[in-house]
1. So Gly509 fits all but one of (1) in a helix (DSSP H, G or I); (2) open to solvent by less than 70 Å² (accessible area, probe 1.4 Å); (3) farther than 30 Å from Trp117 by Cα; what number is the exception?
2. Given the residues Phe450, Phe431, which is the only one that is surrounded by fewer than 16 Cβ atoms within 10 Å (Cβ to Cβ), assigned to a helix (DSSP H, G or I) and aromatic (Phe, Trp, Tyr)?
3. Across the range 76-101, what is the number of residues that are surrounded by 15 or more Cβ atoms within 10 Å (Cβ to Cβ) and of a type in the set (Val, Ile, Thr)?
4. Look at the range 370-395 and say how many of its residues are hydroxyl-bearing (Ser, Thr, Tyr) and open to solvent by 60 Å² or more (accessible area, probe 1.4 Å).
5. For the range 120-131, give me each residue that is farther than 18 Å from His199 by Cβ and at pLDDT 80 or above.
6. Enumerate the pairs (first residue in the range 117-145 and open to solvent by 60 Å² or more (accessible area, probe 1.4 Å); second residue anywhere and small (Gly, Ala, Ser)) with beta-carbon separation below 7 Å, excluding pairs fewer than 6 apart on the same chain, so at least 6 apart or on different chains.
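The values are calculated or read from the model by the stated rules, or taken from the named source; none is laboratory data. For clarity, every value in this text was computed on a predicted model and none was experimentally measured. Reconstructed Cβ throughout: ideal geometry from the backbone, glycine too, with neighbour counts over all protein chains shown. For accessibility, only protein heavy atoms count, side chains too; no ligands or nucleic acids. Shrake-Rupley method; radii C 1.70, N 1.55, O 1.52, S 1.80 Å.
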Amino acid sequence: MGLAVPSVLAALAAVRCAGPALLLAIVLSLLGLKRPQSPPATPIISVTISQTTPRRSVILSLLTVAAAAYLFDGVLVVTRAVLNHTWEGSDPAWSGIEVADVLGLLAFGGLATTGAWKDAKGVPVWQNSRVKIFAAVALAFELVNVVLIAVARPFLSKPPVGIPENPPAPGVILAPFVHFSLAILRLIALSLLYPALTHPVTRYVPSSSLPAVANGNGASVENLETPVRENAGLLAAPQAPGRSYGTFLPPPSTTPSIHTVTPAPTELGLHVKPTPRKDTPEDLSWSQAFAKIRKLAPYLWPSKNRWLQFLAFLCMIVLLLGRVVNFVLPFTLKELVDTFDKGTVNQSNPWALLLLYVFLRFLQGSGGLGALRDTLWAPVMQYSDREMSQLSFDHLLNLSLAFHTRRKTGEILRILDRGAAINHIFELLLFNIIPTIIDITVALVAFFYFFGPLLCAVVFLVMVSYVAASVVLTRWRTKLRREMNDRDMVTRGIHTDCLLNYETVKYFGGEAHEAERYRKAIEEYQVLEYKVIGECFFY
């Protein structure tokens, strides 16, 4: 322990535990946040709209740094307890550090996970005042914690007893100094977190680049630009422009017309329900996803081919054999190690166990049951590719002439390339998801039988937490991945369409214009690609 008085140590222990506990309570209060309702529509159309975007990457990075600091702090406490048989919490200067590490890890890790989950649901969680209060409280407590540690100086060695002629300088104890360094690291991260939350990025974009906004009647602004009456004939009366360079929608025209007009559906007593335009697809629910899979199942599963169904059944048998091999292999290794460890090699023959272990390892490898399964599944996969390719090709040929005269060939080809991944959905279900569920179930049963219910419950909670966190973070990252794929599709479409329409580009001298479009598309794609790479690094 350092040179501190008991009152300073008591205050340090209280601040160390009270701060993370209060932060965890704030994080739990965020679980009830819901998406706010849309503001009421206005007849004013803004020419330029301000968009406020939170600094998601910076916020999540700083939260990750703070959570990692608590994690390393706890790892150091456990490591010293295991290797040096020294419990850090027994020292008055570090009293309650293990509780603070657990609460701090839950608070900062929970805020990062909850924020990503709510952000994926469309909830503006990073603009919420409680998150800013979280950052301010965390910064205040961490600042007091660092100051009290600096006053207590528990990382300095005790002075020698007596009064020597040449008193040595106080030394630095490594483990307490690491604790103090991690606290300073958290203080730096929190001092950057609060400005990142209170100063989001504000951009001013033209309103034409945003999705259509619905008015009070449920119709979009673009629908309002279309006149209610459509005049027939070539001598129709002139109509006001749909949108002038101003702010208000044009009033309905009162100019009488001598021509026959087509009545609007509302005048005929028909109720037309407007359909809002969706620029980006929303995340599907589980029921919607299963409904789409059920619709595509006849094209993915060989329901009319008995031979392919038999091959698929053999693949399932091979899959179950692989699960058995994974279960038996550790016990075979245990028996082999016990045979050599107990010195009974002369009394019993180890070659049988050794050959069995080598054979099981061969079956578990890529050249064993995995290669056999891929060989048997290849005709089934080719059936799925053939049926889905024929379905998409027939669908394109049956589309109208209006579609084909306005289509962007490059984007369509890129969409078809990306859509080919749906052909392997049954392979993903049978050979990745189902085996994982079987392995987890077998492992839980084995832990319960050999080690008791307590360890089984711990493993189960860890698995559930990991799966839940993976689902939440994956759904959040899917938005960035979808935007990146859209920009990649636009980029591929530009150079493909330019090559297909080379004569038109050269005739109108559009080389510089197309090159500028292509450059901007690549830059926008690379910005989103960097965001995706950054999120993959932090999660």
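1. Here Gly509 meets the rest and fails (1).
2. Numbers: Phe431 fails: surrounded by fewer than 16 Cβ atoms within 10 Å (Cβ to Cβ).
Unique residue meeting the criteria: Phe450.
3. The qualifying residues number 3.
4. Residues meeting the conditions: 2.
5. Val123
6. Filtered contacts from the range 117-145: Arg130/Ser29; Phe141/Gly19.
Every residue, every condition in (1) open to solvent by 80 Å² or more (accessible area, probe 1.4 Å); (2) at pLDDT 85 or above; (3) farther than 19 Å from Asn432 by Cα, yes or no:
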site	(1), (2), (3)
Ala297	no, no, no
Lys304	yes, no, yes
Leu311	no, yes, no
Gly367	no, no, no
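Rundown of residues vs (1) touching a Pro at 6+ places or on another chain (Cβ under 9 Å); (2) at pLDDT 80 or above; (3) within 19 Å of Ala116 (Cβ to Cβ); (4) open to solvent by less than 60 Å² (accessible area, probe 1.4 Å), yes/no style:
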site	(1), (2), (3), (4)
Ser7	no, no, no, no
Leu12	yes, no, no, yes
Val15	no, yes, no, yes
Pro20	no, yes, no, yes
Leu23	no, yes, yes, yes
Val27	no, yes, yes, yes
Leu33	yes, no, yes, yes
Pro40	no, no, no, no
Pro43	no, no, no, no
